[in-house]
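Quick one: the structure is below, questions incoming.
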Amino acid sequence: MRLFGKPRGRDRDHQPAVRASVPFDAPLAPEEAFFAIGDVHGCLSQLGKLLLEIDKRDNAPKIVCLGDMIDRGDHSAGVLQLLLALSREMGDQLVCLRGNHEQMMLRFIEDPDRYESRWLSHGGLQTLASFGVSRSGKRDPEGLRDRLLDAMGDDMVNWLRDLPSQWQTGNVATVHAAADPALPMNFQSTQVLAWGHPDFFRVNREDSIWVVHGHTITEEATAQDGRISVDTGAYVNGRLTAAHIYPGGVDFIHT
């Protein structure tokens, strides 16, 4: 079923959307059809069900995971293990983007003393537990980091470090959180792509680029005014969504 409508969610970091400044009426024109999966957040069962449903529709699909694969849910380790294995099997047919939660985790790995509290307070505790890593009685961020690295292994850490911040086909760009509507996609900062931008929901792009994103939970996935919103809050309500985007249209499937 093809769905169109205004996003009803709210960006966790910015003000509610207001009427966009200019009309946006460009048709969807990707060079290839693909599926974009919203924020998984450690929901392994839902991811598995969604991948099976995608496979029923297309036995050789192009899939883009929009980031925030980890944290908050209980099975981040399993999600990363599955996606890492699939990336080896599928090659370029699977693209996983870096979300703000992967960014926080990597910053903790690089500088545990500085970034421990921020990551752990945003769902990192659940990710540690999924890898069988627990905190000791006293604060020891470097020891905690080292135990996490041992549990993850070099291959997974290097894969996470190499994740791109965006992927584009035709006039459809995929990002985690948002894009600055005043800048071309190749001039976007990784901070904006991962965390959002105050003008994203209130100013339409003028370059005919559709932006597919997660990060901001919305009750229903939507496609409106050049934005396709796919984060339906899997870790909150068990509803993980993928957008099937093809020349001329989009439809949604969910768990």
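Show the residues, 5+ positions off or on another chain, whose built amide H is closer than 5 Å to the amide H of L94.
I63
Leaving out ligands and nucleic acids, note down the accessible area per residue over the chain with a 1.4 angstrom probe, in whole Å². Before the final figure, lay out the partial values.
Values: 11460 Å² over 255 residues.
Per-residue value: 45 Å².
Hey, another quick one. Any chance you could check the Cα centroid distance between the range 132-183 and the range 24-97 for me, in angstrom?
16
Let me ask something else. With the calculation restricted to Cα positions, what are the radius of gyration and Dmax of the range 85-241 in angstrom?
According to the Cα coordinates of the range 85-241, Rg and Dmax are 17.3, 54 Å.
S45 versus E219, label points 7 Å from Cα toward the beta carbon: distance in nm?
Between S45 and E219, the label points sit 2.6 nm apart.
Based on Cα coordinates alone, diagonalise the gyration tensor for the range 127-193, multiply each eigenvalue by 5, take square roots, and list the semi-axes in whole Å, largest first. It would help to have the intermediate numbers written out before the result.
Working: eigenvalues 247, 39, 18 Å².
Equivalent ellipsoid semi-axes, largest first: 35, 14, 10 Å.
Using amide H atoms built in the peptide plane, which far-off residues or other-chain residues are under 5 Å from E220 H to H?
Those lying under 5 Å, H to H, from E220 are R8.
Moving on to the next point. Taking θ as phi - 60°, what are the ³J(HN,Hα) couplings along the range 37-43 by the Karplus curve (6.51, -1.76, 1.60), each to the nearest whole Hz, with x for Gly and Pro?
Using θ = phi - 60°, the values come out as 9, x, 4, 7, 6, x, 8 Hz.
Return the long-range amide H neighbours of N171 (sequence gap of 5 or more, or a different chain), with a cut-off of under 5 Å between placed amide H atoms.
Here A29, E31 satisfy the definition.
If you don't mind, there's one more thing I want to ask. Considering only protein heavy atoms and a probe of 1.4 Å, how much of the accessible area of the range 159-255 is carbon and sulfur, as a whole percent?
Numbers: 1680 of 3320 Å².
Result for the range 159-255: 51 percent of the exposed heavy-atom area is carbon or sulfur.
The values are calculated or read from the model by the stated rules, or taken from the named source; none is laboratory data. Computed from a predicted structure; not experimentally measured. A quick note on method: Cβ atoms are made from the backbone with ideal geometry, for glycine too, and the neighbour counts reach across all protein chains shown. The protein model used for the area step is the full one, side chains on, heavy atoms only, and it has no ligands, DNA or RNA in it. Shrake-Rupley method; radii C 1.70, N 1.55, O 1.52, S 1.80 Å.
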